[in-house]
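The values are calculated or read from the model by the stated rules, or taken from the named source; none is laboratory data. Computed from a prediction, not measured in an experiment: that's the story for all the values here. With ideal geometry, Cβ positions are generated from the backbone for all residues, glycine too; neighbour counts draw on all protein chains shown. Just so you know, the surface numbers come from the protein's heavy atoms only, side chains and all, with ligands and any DNA or RNA stripped out. Shrake-Rupley method; radii C 1.70, N 1.55, O 1.52, S 1.80 Å.
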Amino acid sequence: MKLQVSTLLMAWFGVLSCVQAEFFTSIGHMTDLIYAEKDLVQALKEYILVEEAKLSKIKSWANKMEALTSKSAADPEGYLAHPVNAYKLVKRLNTDWPALEDLVLQDSAAGFIANLSVQRQFFPTDEDESGAAKALMRLQDTYKLDPDTISRGELPGTKYQAMLSVDDCFGMGRSAYNEGDYYHTVLWMEQVLKQLDAGEEGTVAKAQALDYLSYAVFQLGDLHRAVELTRRLLSLDPSHERAGGNLRYFERLLEEEREKQSLNQTEAVLETQGGLYERPVDYLPERDVYESLCRGEGVKLTPRRQKRLFCRYHHGNRVPQLLIAPFKEEDEWDSPHIVRYYDVMSDEEIERIKEIAKPKLARATVRDPKTGVLTVASYRVSKSSWLEEDDDPVVARVNRRMQHITGLTVKTAELLQVANYGMGGQYEPHFDFSRNHEQDVFKHLGTGNRVATFLNYMSDVEAGGATVFPDLGAAIWPKKGTAVFWYNLLRSGEGDYRTRHAACPVLVGCKWVSNKWFHERGQEFLRPCGTTEVD
C-alpha cells in the first residue's frame with residue numbers, strides 16, 4: 001500500500017503557500033493549520049495501518065515457521081525422508097526467506113515522510129513560536145493573569161479545555177530568556193518548578209529550569225536569590241560546569257558587597273519581596289491606563305456623563321434610503337462624540353467579506369513617521385487586507401451604507417480595510433490622523449488628512465479585544481454587526497488628540513473588523529469648517 005498526498009491536503013498547501021509565516025498574527029490564517037494538521041494525522045494513521053499489515057504478515061510467517069521447524073527438528077532425517085519435505089525446505093531457503101527479507105526491508109514510512117516533508121515548508125517557524133509565546137505573555141500582563149492560571153487554561157469565555165504541560169511552560173520561559181526578557185523568564189521557570197514539584201512528568205529536569213532561573217534573577221539584580229538557586233542546582237547536578245563558575249562569580253560579588261557594607265535600595269527591596277519582581281517600564285507612557293481599560297477598569301463613564309448619552313433612530317440627514325430604514329444609533333461618549341450603530345452588516349455580508357479578504361491577508365503595517373515607509377511593528381499584531389468595490393458587490397454595498405450613515409463621501413476615502421487579530425492580537429494606542437510633524441504621511445493620496453473613522457465589528461469576542469481611548473477613559477466592546485464612528489479632526493482641521501485609541505489584546509476569541517477612513521477632500525460642504533481652532 002503506497003501512501004499518496006491527498007487532494008484535500010494539496011488544496012490546503014495552496015492556501016498555506018500564500019501565507020508568509022507569521023501565523024500567530026491572524027487566527028483566521030491559523031485555522032488553516034488545523035486542517036493541515038488533521039490531514040497529517042490521517043497520513044500518520046495510514047502509515048500505521050501499512051506497518052500493522054506488514055507486521056501481521058511477518059507474524060503469520062513466523063508462527064507458521066515455528067510450527068514447521070519444531071516438527072522437522074525433532075526428527076530431521078525422518079522428516080527429509082519424504083521427498084516433498086526436502087523440496088520445500090530447499091525452496092523456502094532459496095525463495096521464501098529472501099521474499100520475507102524483502103518484506104522486512106520495505107520502507108513503509110516513505111509515503112508518510114513524503115507528506116510530512118511537503119508540509120514542513122508550510123509549518124510555523126521559530127518566529128511564529130516566539131511570537132505566540134510573546135502573545136501569551138502579553139495577555140498575562142494586560143489581564144493580570146499569573147502563569148498558573150494560564151497553565152491550567154482557566155480563561156473566561158473558553159469552550160475548550162487547554163492546559164500547558166511542564167515542557168510547554170519551559171518553552172515559554174526559554175522564549176522569554178532568548179529575548180532578554182528576564183522578568184517573564186522568572187515567572188515561567190518558577191511555574192516549571194511548581195509543576196515538577198507537584199509530580200508532573202516531562203522531558204525537562206529541575207536542573208534545567210534552575211539554570212535559567214538562577215541567571216534570570218541575577219540579571220534582575222537579586223544576587224542573594226541567584227546564589228541560593230545556583231546552590232540548589234548544584235545539589236541536583238554537582239557536575240554542572242557553568243553553575244559552578246556562576247556560583248563562584250556570584251559569591252565573589254556578594255563578598256565585595258559585604259566589604260562595602262551597603263546594599264543598594266533596589267536589591268534590598270528584591271530581597272524582602274521574596275522573589276517578586278517589578279515588571280520593567282517600557283516605551284508606552286500610558287501603559288497602565290491602557291491596560292486597565294482593557295480589563296474594564298478605570299472607565300470614566302460617570303453618572304453625570306451617562307445622562308448625556310442617548311439612543312435614537314438615525315436617518316443620515318434625511319438620506320432617502322435611511323428615511324425608509326433608519327439605523328439605531330447609540331451614544332458611546334459625549335465629547336468627543338463617539339457613536340455606535342446597530343445592524344450595520346448582516347451575517348451573510350460579514351461572511352462574504354471575510355471570504356474575500358482571507359486570501360489577501362498580510363501582516364498589518366504602520367507607517368514610519370520619519371521615513372513614511374510601511375513596516376511591521378510589535379505594537380500592531382494582526383493581518384489585514386484591502387478590498388476594492390470591484391472585488392465583490394457586497395463591498396460596494398457596504399461602502400454606500402457607510403456613506404449614507406455618516407453623510408460623508410467615500411470617493412476620497414481609503415479602501416475598505418479588513419483586519420483579523422491573531423494570538424493576543426492588538427494595536428497599541430495610536431492616532432488615525434497624521435500629526436503636524438507627519439504631514440507627508442498621506443501626501444501620496446492627495447486627499448488630505450483622515451477626517452473620520454468608521455469601524456465595523458465583524459465578530460463577537462469572548463474576552464478582551466475592546467477599543468479603548470486612554471485619554472478619555474472610554475472602553476467600547478465588540479458586538480458583531482455593529483459599528484462605531486468618530487471624527488479624528490476638529491472642524492478647524494486640527495487633529496483631535498483625545499481620539500488616541502487602541503485595540504486591546506484578544507484574550508479569548510477571534511476578532512474580525514473592517515474600517516473605512518474618510519479623508520478631508522470632498523467633505524468641504526458635507527462637514528463645513530468651524531470658525532475657531534477648537535471647533
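Once fully extended, how much extra length lies between Arg521 and Leu68, figured as 0.36 nm per residue of separation less the alpha-carbon to alpha-carbon distance? Taking Arg521 through Leu68 to full extension adds about 153.6 nm, to one decimal. Per-residue ellipticity at 222 nm computed for the chain from its helices equals -14500 deg cm²/dmol, with DSSP H segments shorter than 4 residues left out and the rest contributing -39,500 (n - 2.57). Histogrammed with a bin width of 5 Å, the alpha carbon distances of the stretch 424-504 distribute as 3, 14, 22, 23, 17, 11, 7, 2, 0 percent, first bin at zero.
Set the Förster radius R0 to 22 Å, insert the Cβ-Cβ distance between Thr203 and Ile48 as r into 1/(1 + (r/R0)^6), and round the FRET efficiency to 0.05. With R0 = 22 Å, the Cβ-Cβ based efficiency is 0.40.
Under 5 Å from the amide H of Ser434 lie the amide H atoms of Arg450, each residue being 5 or more positions distant or on a separate chain, with H modelled from the backbone and absent for Pro and chain starts. Backbone amide hydrogens, once placed in the peptide plane, bring Leu489 within less than 5 Å of Asp496, excluding anything fewer than 5 places away on its chain.
Calculated on the alpha-carbon coordinates, the convex hull of the stretch 492-535 measures out at 95 cubic angstrom per residue. Site pair Arg305 and Ala377 shows an inter-label distance of 2.5 nm when each label is modelled 7 Å from Cα along Cα→Cβ.
Pairs of lysine residues in the stretch 331-478 that meet both criteria, 8 or more places apart or on different chains and Cα atoms under 21 Å apart, total 5.
The GluC sites (Glu not before Pro) of the stretch 316-416 that meet both conditions, a loop assignment by DSSP and at most 13 other Cβ atoms within 10 Å of the site Cβ, are Glu388. Applying 1/(1 + (r/R0)^6) with R0 = 25 Å to the Cβ-Cβ distance of Tyr35 and Thr149 gives a FRET efficiency near 0.25.
The trypsin sites (Lys or Arg not before Pro) of the stretch 385-439 meeting both criteria, a DSSP state outside H, G, I, E and B (loop) and at most 15 other C-beta atoms within 10 angstrom of the site's C-beta, are Lys411, Arg435.
Stokes-Einstein diffusion of the chain at 25 °C, 0.890 mPa s viscosity, Kirkwood radius from Cα pairs, rounded to a whole number: 86 µm²/s.
Within the chain, the selection of entire DSSP H helices by a Cα span of 27 Å or greater along the long axis and an average Kyte-Doolittle value of at least -1.0 returns 27-74. Our coupling estimate for the stretch 472-485, obtained by passing each phi through the Karplus curve with A = 6.51, B = -1.76, C = 1.60 and θ = phi - 60°, is 8, x, 10, 9, 10, 9, x, 9, 4, x, 9, 9, 10, 9 Hz, Gly and Pro reported as x.
The length gained on full extension between Tyr283 and Val104, counted as 0.36 nm times the residue separation minus their Cα-Cα distance, comes to 58.2 nm.
What's the carbon and sulfur percent of the chain's accessible surface, probe 1.4 angstrom, rounded to a whole number?
Here it works out to 54 percent.
Among the GluC sites (Glu not before Pro) within the stretch 84-164, those in coil by DSSP and having at most 16 neighbouring Cβ atoms inside 10 Å are Glu154. Label sites at Glu255 and Phe431, each approximated as a point 7 angstrom past Cα along Cα to Cβ, lie 5.8 nm apart.
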